Amino acid sequence: MKSITAAAVLLLGITAASAQTLDDLKSDGRNTDHILTYGMGYHQQRYSRLDQVNKRTVKRLVPVWNLSLDNNWGEQAQPIVYNGVMYVTNARATVAIDVATGKQLWKHTLDWPPETPRVVCCGVSNKGAAIYDGRVYRTTLDAHVLALDAKDGKEIWKSKVAEWKDGFALTVAPLIANGVLITGISGAEFGIRGFIDGWDPATGRQLWRRYTIPARGEKGNETWPQDSNAWEVGGGSAWITGSYDPQLDLMYWGIGNPAPWASQTRPGDNLYTSSVLAMRPKTGEIVWHYQFTPNDAYDYDACWELILADLNVQGRSRKVLMQLNRNGFVYVLDRASGELISAKAYEKVNWASHVDPQTGRPVETETAKSIRAAKPTEMWPSTRGGKNWQHASFNPQTGLLYAATFHEGRMYQHLEVKPHVVGQRYMYIENLPMPRAAGSPIGHIDAIDPLTGEKKWRVPLTDLQIWSATLSTGGGLVFTGKETGEFIALDADTGAQLWQFQTGSGINAQPVTYTHKGRQYVSVLSGIGGLYWNINREALKNVPQGGSVWTFALMPD
């Protein structure tokens, strides 16, 4: 483990994070000089009211600095910004940067065994850091969580979460909620039993562990076979950061797919896979749950971001939770009770006809029956989903979700399930692409009404899908990035592209915007990597590897 400090910290006179409080985290977004939480607020709306950069001025947006991250594994993280310092992570390092100049202040480098990536499902990555009380927190590929001093990057503590050789990994950005540091595990494709952990942020002591699959005798275990150990190897990862409502003191965590993908050896609903859990951060207590895809036979995990907002529903304001689920439906739930408010298809769906508003369960079709009978079947959406991990944003002014979505089916078939072997893939499916007509869309950038699933506009993508998050702003813009390296800004009202800049490598990361000394900045990590790059290397062969941070601001008139 190495920590490389920089004398520039003192020379530049920068005071790194030293006194973030729980109140600071709760009010993230009000002080636009800071970005203290994943999702730019506990609500994960990825929206900023900033409007210096707007439809009229965006043509003057230019790069003001770029910093190499010296990393070829790929960049997927969201920056954290506090007191003029930006903190970014990838699989190998945590870096502190002066936001005014782009100079590296310190770098902390991780050492994990070179064979560790073999137990990572979908690319070697890290989604970002958390910040609290003068410390920067992150997770590691070899299943540790650690705390660094925000001033100099020195390691304060490091705690082992699980044994990586058994298929466990951590890529999640931690969440600080009600004074507890919370992380979620990866590894469903290796037949782990998933869990979410609560940690003491001062010491690294584990406070609690909530398994996402109930044990024998616990409520929910009856939804697993009672004559086998399917529940012990049943998946249920939790690798995207949860949201948090401080008023209700509830955090919301999306839970991933069951294992194996082939469902014939695990009849039943298989709680709490492909679900959302509403939990108390102090204890890990489950207050309510909602399962999007019972007995998920399709890899439709529900890990994705859970966006909190107040929506007008039939004439009255409701506190809701929204998710563009991988299964092709956009869900709106009451976040106090888990009551289903709406579930509408936002992409092509053939495995279910609709979601029953009374039971909250999807009504499966003949397509689903064919899949469960282990027949080769054309399935929509594909296992990549109607949307994948790249986060949507929500603009409370327009009431719309902005997201990169997928328009893709696959020929899908369950195979014979063999006994689980610790540390080895546990999926047992065949998943083949289908012919696609030239010029037909493989995905879209969409502006979606969360209550109806209808699109205000769609931008078709006919070459490559987008795996970058969106960022919405008060300037009427939506920022996102392309696998081929272009960082772009769209008109939030029409979808028209207003600006672009070539970053030199593919963008799979999460743009942010903030202010420093009254000036608005927009930053994004660039660096090809992740699942899509690994399975489309021929199409992306001319996109160079190499991670960096790009930061933009308006050129004076």
With segment 172-271 as the region, which strands (runs of 3 or more DSSP E) entirely inside it contain at least 1 residues that are at pLDDT 95 or above and among the small types (Gly, Ala, Ser)?
-> 175-177, 180-184, 195-199, 243-245, 250-254
Residues in segment 51-65: is at least one surrounded by 23 or more Cβ atoms within 10 Å (Cβ to Cβ), under 20 Å from the mean Cα position of the chain (by Cα) and either assigned to a loop (DSSP other than H, G, I, E, B) or at pLDDT 95 or above (or both)?
-> no
Just for segment 531-557: of the residues that are among the β-branched types (Val, Ile, Thr) and modelled with pLDDT of 95 or more, which one is surrounded by the fewest Cβ atoms within 10 Å (Cβ to Cβ)?
-> Val543
Of all residues in segment 471-497, how many are in contact with a Gly (Cβ under 8 Å, 6 or more places away or on another chain) and in a loop (DSSP other than H, G, I, E, B)?
-> 6
Any residue in segment 406-418 that is free of Cβ contacts under 8 Å to residues at least 12 places away in the same chain, over 23 Å from the mean Cα position of the chain (by Cα) and either surrounded by fewer than 18 Cβ atoms within 10 Å (Cβ to Cβ) or under 25 Å from Phe168 (Cα atoms) (or both)?
-> yes
Matching option when the condition is among the hydrophobic types (A, V, I, L, M, F, W, C) and under 24 Å from the mean Cα position of the chain (by Cα), among Leu105, Leu148 | Leu148
Given Ala143, Ala150, Ala129, which one is small (Gly, Ala, Ser), crowded, with 17+ Cβ neighbours inside 10 Å and either in contact (Cβ under 8 Å) with a residue 60 or more places away in the chain or out of contact with any strand residue (DSSP E or B) (no Cβ under 7 Å at 6 or more places or on another chain) (or both)?
-> Ala150
Identify the residue in segment 115-171 that is part of a loop (DSSP other than H, G, I, E, B) and of a type in the set (Val, Ile, Thr) and, among all such residues, is nearest to Ile35 (Cα to Cα).
-> Thr171
Can you tell me which residues in segment 218-254 are among the polar types (S, T, N, Q) and buried (at least 24 other Cβ atoms within 10 Å of the Cβ)?
-> Ser237, Thr241, Ser243
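The values are calculated or read from the model by the stated rules, or taken from the named source; none is laboratory data. Because the structure is predicted, anything quoted here is derived from the model rather than measured. FYI the Cβ positions are ideal-geometry reconstructions off the backbone, even for glycines, and counts take in every protein chain you see.
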